[in-house]
Every structure is written in C-alpha cells, then in structure tokens.
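Following: one structure in structure tokens, then a few remarks.
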Amino acid sequence: MKWLPQDVETYSAAKEYVDTAVVPLYSITIGKGVKQSAAASEFITLLTNYLERQFTGRILLFPPFTYLGNEQDEKVLTDLKKWEESILDAGFKHVFYVTSDFEWRSREGELNGTLIWLPAIPLEQMNDTQKLTMIDSQVQQLLTIFTQKWQKSD
Amino acid sequence: MSKDRVSRRQFLSYTLTGVGGFMAAGMLMPMVRFAVDPVLKAEAAGDFVATKQKVADLTNEPVRVDFSYKQKDAWYESDVTESAWVYKDDAGKIMALSPVCKHLGCTVNWNSDKEHPEQFFCPCHYGRYTKDGTNIPGTPPLAPLDVYPYKEKDGYLYLGKAKPRKEA
C-alpha cells in the first residue's frame, strides 16, 4: 500500500495483515553531486514502487526519509531511529530501509530494521521497456529477502 | 381559384401544427440521441490494449504477459504497466487472469510454492488459487482472480479491462 488516502484506509481496516513498513532513504546533495543524488532518488523511487506492486497487501510504503547527504551524522541516525520507534509502536513487525547511500552500511547494526543497500543504476539512458526489465530483475532478487524474513516470523 | 378554399381557421391550425411539430422534433431528437448513445457506444471497439504475446505461442502453461497503457491522473499522464497470466485451457480456449490477489492486492505467481505446485500463489499471506483462478477455501482470498476479456488481432493478443467473477 502506498502513502495515499485510499490505501491508508485499507491499511487501517486490515492492520493485522499489513505488518511490514518500507522506508526509502534519500540522500540529498545540492551543488556538486546534485545529479547523482537525483539519479539515485529516481532509481529508489521506481524500485520501491515496483516492490509495493508485488507486495501491496503486506507492506506499507512510507514517504521517503530525506536528509542532506553531507550531514550523515548522529542527528540523521537519531531522526531515523525516531521513525523506527513510531513505526514499531504502530504495530508493524518488520521495517525495511531501501537506499543507495553507501554510508548506511556502516550504521546497519544500530537499526532494528533491515537495510537493503543497492548501488544506483543510472536510468536516464534507458527507454521504458529497459527500465522495467532492469527494475523487475532487481526486485525479483529482493523478493526473497522479504519472503524469508516473513517465513521466519510466521 | 380552386373550389376547396382553405378557411382562415384551417390555415392557422395547419401552420401551427407544422411549426409546433418542427419545434417538438428539434427538442426531442437530441434527447433521444443522448438516451440511445450508451447503447451505440457499447458496440464500438472498446478499450483493448495490444500485448507482445503471439496467440500461437500460448501453451497450457501460464505465462506472464506485460502490457502498458496511458492513464491520466489529474493533469499527470503516466504509463501504467499491468500483467496477466495467460494460458490455453484444456479446450484450447485462452484464459487471461489478473495477477492481483483478491485478498489485499499483492501480485500472485504461478507455481512458485514448492508445497503446492500447479497453483497460483500469493507470497504475502499464502493465498492460493487453482489454475483456473478459483480461490482455494481455507486460504485468505475470498474471490477468484479477475479475468481479462481478450481479443485476437493479426495474431497478437489484445486484453481489455479485468472483470471480477462471482464467488466460487
């Protein structure tokens, strides 16, 4: 389910079935590196939307957690931990973070949720069919991460 | 001058009937056209979308067919991609099933659960459907998978809007 009124309504009605939160993490860089930052956001947006299509009934796709790329410090981590806390308090059992910001890999241990880090693939040169095929193959690999995690807890 | 003279009264009543009839027709014609319009429209081609799937290549094993069409969402026009599971049933008739689980809308896969082969399987809450899309009792879904109306044109498969079926 997406962060849209009608989807959130369905979520509220079927809370016991929707136990997984997906939070995209966007690193924003202004100035030098602005293009890479935008390309990474495009990639993560397409990827998480496609992922949401596969698992509509069990995940709630949150709006992206956005922070300044050169500010990867304690404050960002504390903020994300606050998100995590409220998400878990709301009854979600699993939290997944999807990002292409490398910095998070060293911080993975400090979060309860699962971090999925993917190197951003520049999509601007591709046409729609290529994009779809590429995102599809990436998501197929992610699906097992989710199903395994679910099977362990069910 | 002819013998049957038209009286003033007759002349006026003829004229009034003529003009009145003309005006009534002018009002009624568009109304009738509006009323009949939906009927006439249904006979037109409908919203079938072309896929890349050749009808001749279909077997009795379901294959995933992706197709996309343009959707207008407020002022934003976007390409929407949908999928269908398509196969030929025992009688050779084409079956195009929507992959959207009737429980909460996840995407179902064919033959992906090892314990229950030859079934559609939803990984979210382990819903299952038989090959013809009927939901298996005891699993979360409460209705069979939607069916796409289909058409064959120049050897390619065209799919319409998925329609729900009655409960099994």
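Below is a table of values for the structure above.
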{"item": "Whole-angstrom gap from segment B:114-153 to segment A:1-77, using each part's C-alpha centre", "result": "29 Å"}
{"item": "10 Å Cβ neighbours from other chains, averaged over peptide B:103-109", "result": "6"}
{"item": "Shielding by partners, peptide B:116-128 (average Cβ within 10 angstrom, other chains)", "result": "3"}
{"item": "Residue order, fewest to most surrounding Cβ atoms within 10 angstrom, among A:Phe146, A:Phe92", "result": "A:Phe92, A:Phe146"}
{"item": "Number of partner chain Cβ atoms within 10 Å, mean per residue of A:49-62", "result": "4"}
{"item": "MRE, 222 nm, helices only [DSSP H, n ≥ 4, -39500 (n - 2.57), over chain A, to nearest 500]", "result": "-16000 deg cm²/dmol"}
{"item": "The protein assembly as shown - convex hull of the alpha-carbon atoms, volume per residue in Å³", "result": "287 Å³"}
{"item": "Zone residues, segment B:93-107, relative to B:Asn60, backbone N less than 15 Å from point 7 Å out along Cα-to-Cβ", "result": "B:93-95"}
{"item": "Prolate/oblate/rounded label for chain B (Cα gyration tensor, a/c 1.5)", "result": "prolate"}
{"item": "Approximate spin-label separation A:Ala38-A:Ala14, in nm, with each point projected 7 Å along Cα-to-Cβ", "result": "3.7 nm"}
{"item": "Distance between modelled label sites at A:Thr133 and B:Leu28, nm, 7 Å Cα→Cβ extension", "result": "6.2 nm"}
{"item": "Efficiency of FRET between A:Leu68 and A:Thr45 - r from beta-carbon atoms, R0 25 angstrom, step 0.05", "result": "0.85"}
{"item": "Listed residue (A:Gln54, A:Ser37, A:Trp3) projecting farthest to the positive dipole end of chain A, Cβ model", "result": "A:Gln54"}
{"item": "Three-way shape label, segment A:5-144, alpha-carbon gyration tensor, a/c 1.5", "result": "oblate"}
{"item": "Packing-based ranking, highest mean first, of A:3-15, B:84-96 given that Cβ atoms within 10 Å are counted", "result": "B:84-96, A:3-15"}
{"item": "Helical contribution to [θ] at 222 nm, DSSP H n ≥ 4, -39,500 (n - 2.57), averaged over chain B, rounded to 500", "result": "-7500 deg cm²/dmol"}
{"item": "Residue (of A:Leu77, A:Thr129, A:Trp150) at the positive-pole extreme of chain A, dipole from beta-carbon charges", "result": "A:Thr129"}
{"item": "C-alpha long axis of helix B:8-42 to longest principal axis of chain B, angle in °", "result": "10 degrees"}
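Coordinate-derived values only; no laboratory data. Everything quoted here is computed from the prediction, not taken from an experiment. Here Cβ is always computed from backbone atoms with ideal geometry, including for glycine, and neighbour counts include all displayed protein chains.
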